Amino acid sequence: MHRRFAVLGVSVALLAVSAWADNGNGNSNGNGNGCNSLPSYNQLKAALVAATNAESSGLNMNMWGTIVDRDGIVCAIAFTGTDRGGQWPGSRVISAQKANTANAFSLDASAVSNGNGLALALSTANLYSAVQPGGSLYGLQASNPVDTGNAYQGPSSNFGTSNDPLVGSKVGGVNVFGGGLALYDSQHQIVGAVGVSGDTSCADHFIAWRTRHNLNLDHLAGAIGGVSGDTARPDNIIFDITTNIYGISSSAGGFGHPRCINTGDASLLPAVQ
């Protein structure tokens, strides 16, 4: 099952570039927000389309994708449909929330206090169980509210374009289901995050994972740890939630995510670099 898209005249070879040029979003003047070193709008859109078209799980929906820099500033927002109404309108801000969350709660080696061990990357999918009542991170989802003034400013006609009004602003927000992943460059340094929304939360994670891989910003291997238990996919989604005879659900490891309709096999996602 594949999504239908207009053909983009962007070479796939562009997606394998790790050193990004001017991102085309007006932040090429050295203003220090970090967007210059991140993929452009066109590069995000090409990577998102390729990732969505390759994904066979979920509901076969079109997607929104957002990239933020390390300060949580939105650098680019794109969608995969023919227009902004071709995917859930509410998923635009959700994709930005997911990017903000993954960036806000992932680290690199600079955070390892004693010089030993691995830094920790947390995908938004890893947070689902932890924020439930009794979870180790209960209340986290309310800790960094969305800036509604930035999130919903217009004109709406520019949503998902290179001139999206949210570009250059902070959206904030904490989202605790699949679709957000931190971005790591070839030096294993965190440079921001990507958020994807528009399908089931499981498919969102799978598509975000492939988008990050397409952008060549999944350099976690050997340097960045996670809670998944899979060193080749440290911040992967975890399906370890079970329900007991009393109807109470719990995650064995504390970082599990519910299965969705037509859930794919997370172990088949590309290994991190």
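The values are calculated or read from the model by the stated rules, or taken from the named source; none is laboratory data. Keep in mind it's a predicted model, so treat the numbers as computed, not measured. FYI the Cβ positions are ideal-geometry reconstructions off the backbone, even for glycines, and counts take in every protein chain you see.
Structure data summary
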read-out: Exclusive hit being modelled with pLDDT under 95 and touching a Cys at 6+ places or on another chain (Cβ under 8 Å), set Gly26, Gly58, Gly34, Gly30; value: Gly34
read-out: Count of residues meeting criterion [among the β-branched types (Val, Ile, Thr), closer than 17 Å to Pro133 by Cα and in a loop (DSSP other than H, G, I, E, B)] in region 230-273; value: 1
read-out: Residue list for region 112-135, filter: in contact (Cβ under 8 Å) with a residue 12 or more places away in the chain and surrounded by fewer than 19 Cβ atoms within 10 Å (Cβ to Cβ); value: Gly117, Leu118, Val131, Gly135
read-out: Members of region 193-229 found to be under 12 Å from Lys98 (Cβ atoms), part of a strand (DSSP E or B) and of a type in the set (Gly, Ala, Ser), listed by number; value: Ala193, Gly195, Ser197
read-out: Any pair with Cβ under 6 angstrom, 6 or more apart, that starts in region 51-77 at a residue that is closer than 19 Å to Arg92 by Cα and ends at one that is part of a helix (DSSP H, G or I) and of a type in the set (Lys, Arg); value: Ala51/Arg210; Trp64/Arg92
read-out: Region 113-127, residues that are of a type in the set (Ser, Thr, Tyr) and in contact with a helix residue (DSSP H, G or I) (Cβ under 8 Å, 6 or more places away or on another chain); value: Ser123, Thr124
read-out: Filter pass, Leu217 being over 23 Å from Leu137 (Cα atoms), among the aliphatic types (A, V, I, L, M), in contact (Cβ under 8 Å) with a residue 12 or more places away in the chain and buried (at least 22 other Cβ atoms within 10 Å of the Cβ); value: yes
read-out: Qualifying residue in region 145-162 (condition: assigned to a helix (DSSP H, G or I), closer than 23 Å to Ile241 by Cα and of a type in the set (A, V, I, L, M)); value: no
read-out: Region 136-165, subset at pLDDT 95 or above and of a type in the set (A, V, I, L, M, F, W, C), residue surrounded by the fewest Cβ atoms within 10 Å (Cβ to Cβ); value: Leu140
read-out: Subset of region 107-122 (residues that are part of a loop (DSSP other than H, G, I, E, B) and either of a type in the set (Val, Ile, Thr) or under 23 Å from the mean Cα position of the chain (by Cα) (or both)); value: Leu107, Asp108, Val112, Leu118, Ala121, Leu122
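Table: residues versus (1) closer than 20 Å to Lys45 by Cα; (2) under 12 Å from the mean Cα position of the chain (by Cα).
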{"position": "Gly179", "(1), (2)": "yes, yes"}
{"position": "Gly225", "(1), (2)": "no, no"}
{"position": "Asn236", "(1), (2)": "no, yes"}
{"position": "Ile261", "(1), (2)": "no, no"}
{"position": "Leu268", "(1), (2)": "no, no"}
